[in-house]
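Readers should treat all values here as calculations from the given coordinates under stated rules, not as data from a laboratory. What you see is a predicted model; the values in this text were computed from it and never measured. Quick reminder, even Gly has a Cβ in these numbers, built from the backbone with ideal geometry, and neighbours come from all protein chains shown.
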Amino acid sequence: MLYIFLLICLQIFVVFCELPHHKFEYKYSFKGPYLAQKDGTVPFWEHFGNAIASEEMVRITPSLRSKKGSIWTKNKTTFDWWQVEVVFRVNGRGRLGADGFAFWFTENKGVEGPVFGSNDHWIGLGVFFDSFDNDNRGNNPYIMAMYNDGTKAFDHQSDGVAQQLAGCQRDFRNKPFPVRAKIEYYKNVLTILFHNGNSNNDEDFELCVRAENIYLPQHGYFGLSAATGGLADDHDALKFLTYSLYPPGTQPTSQNIGDAEKEKFSKEYEEYKDKLEKQKEEFRKEHPDEAKRKDMEFNPDEAYETSQQRELQQIFQGQSSIFEILRGLHRKIDEVIGRQERALSMLSAVQTGGVPQGQGIPPPQVAGGSLGRHEIEALLGGQREIVQSARDIKSFVTDIHQRTGTIIAKQSEQGKPAGAGLAFEANALFQDVKESLNIVKRDLAAVAAKNQGGPCPVVQPVSCLTTTYFFIFMSIQIVVIIGYITYQSNKESQAKKFY
Ligand SMILES: [Ca+2]
Ligand SMILES: [Ca+2]
């Protein structure tokens, strides 16, 4: 029992030890998307005949009669053992299709020919997906492998049945998914696994060909070709994935892949980068607006601010508005101080004629709050008017005084009775004085009415002055009247004496 277990373990160990190392060979592969470049070429490959490369696939022949096409690697392989997975479709509208599709590994690149689009007498391996049943045995579509040392011509009439290494009958036309073939050449053993495209499951490969002691050219070209005849199918290759195989322990490390090659690629890259930058610069010069727009599309960071930048912007705006408000406040304070100073100077000017203000005595306050500029001006105006009125009254009184003096002087000079005429003159003068007094009264009333509107804290001395003058005037008037009465009584007594 233990012996059997150890034997199984040993077998598993041997199998795992012999599994080759796979390395993907991009120079011998193609796949979509961007399979073909803008000019229709496939990098590291060249295609011939009716083959057309697009972004997704290489259509080796279209479904038209008598078409031939092929695609080949540009370079010979550099590895001894390999595995290729070909993913393809053979689709046609007819129940039967033609002619077929071929995979090649040959010493020389193929040229257009009769064997599924490529030349006969090849040296190397051909794997044929033969759609059309030429020998009418009802055994097509058929998959077969054929080795040729360059001496054999493929026998279409028998579908190469006697020339094949091995093969299997499998339908590969009009499948729901692309069909796949894994062709492996490792240690002189050829193995072909086939996936029939009925599912998309990677596990659904089945063995079609296994042939030992196969001696293919050590290095060669990979190729695919296809041909149509009286009947036609689309022959589309979607993927061609090549792996080089290395027995365990012999796989190349990344170090010995070649520093020279690495250097070459980095140099190519730098050159390409320089060229691109130059072209970009030229484009910018020729189309500045377009370039700016593209830059913004390409680099959205420049077009949009980050959250940090936005935050800083907001802080800056906030500070600016605070600064603006402070400046406004400062202006207002200056204005208030200026107004206060003006008011104080006006008050002090007003008070120069009145009660002197001590240093410790606060400025007079008017009931209801501080004095406004207009109020002070109105007060000053009123005061000026009062002073003017007082002056007028004074001059008027002086005038009356003079007139009275003149009358008395005239009387004393003439020394003769004036009679009725003199009495009339004196009466007219009296009426004149009365009228003048009325005018003075009206003026005073008007001034008083003007000053009634607002309080008057500092004009008391001026109003006192007016009253004094008024009393002086009254006393003068009384004197004049007494004088007049005396004069009248003297005249009467003289007239009595005369009679
Ligand atoms: Ca055939
Ligand atoms: Ca056949």
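Brief remarks on what is shown
- Any hit, segment 104-111, residues being of a type in the set (S, T, N, Q), surrounded by 22 or more Cβ atoms within 10 Å (Cβ to Cβ) and not in a strand (DSSP E or B): no
- From the options F101, F24, F88, residue that is out of contact with any Ser or Thr (no Cβ under 9 Å at 6 or more places or on another chain) and closer than 18 Å to F222 by Cβ: F88
- Pairing residues of segment 466-486 that are over 16 Å from T406 (Cβ atoms) with residues that are surrounded by 14 or more Cβ atoms within 10 Å (Cβ to Cβ) and of a type in the set (S, T, N, Q), at Cβ distances under 9 Å and at least 6 apart in sequence or on separate chains, gives T466/S389.
- Count - residues of segment 112-122 that are in contact with a Ser or Thr (Cβ under 6 Å, 6 or more places away or on another chain) and assigned to a strand (DSSP E or B): 2
- Against the list (1) surrounded by 16 or more Cβ atoms within 10 Å (Cβ to Cβ); (2) more than 14 Å from ligand 1 (Cβ to nearest atom); (3) under 26 Å from F48 (Cα atoms); (4) β-branched (V, I, T), the condition T151 fails is (1).
- Residue, surrounded by the fewest Cβ atoms within 10 Å (Cβ to Cβ), within segment 53-80, restricted to residues that are touching a Gly at 6+ places or on another chain (Cβ under 7 Å) and free of Cβ contacts under 8 Å to residues at least 60 places away in the same chain: E55
- Considering residues of segment 131-148 that are more than 7 Å from ligand 2 (Cβ to nearest atom) and in a strand (DSSP E or B) only, the residue surrounded by the most Cβ atoms within 10 Å (Cβ to Cβ): I143
- First in segment 145-156 and at positive phi and in contact (Cβ under 8 Å) with a residue 24 or more places away in the chain, second anywhere and in a strand (DSSP E or B) and away from ligand 1 (no atom under 15 Å from the Cβ), Cβ under 7 Å, 6 or more apart: G150/I123
- Scanning segment 159-208 for residues that are over 19 Å from E18 (Cβ atoms), basic (K, R) and more than 53 Å from the chain's Cα centre (by Cα) gives R170, R173.
- Yes/no for N136 being within 16 Å of ligand 1 (Cβ to nearest atom), out of contact with any helix residue (DSSP H, G or I) (no Cβ under 6 Å at 6 or more places or on another chain) and free of Cβ contacts under 8 Å to residues at least 24 places away in the same chain: yes
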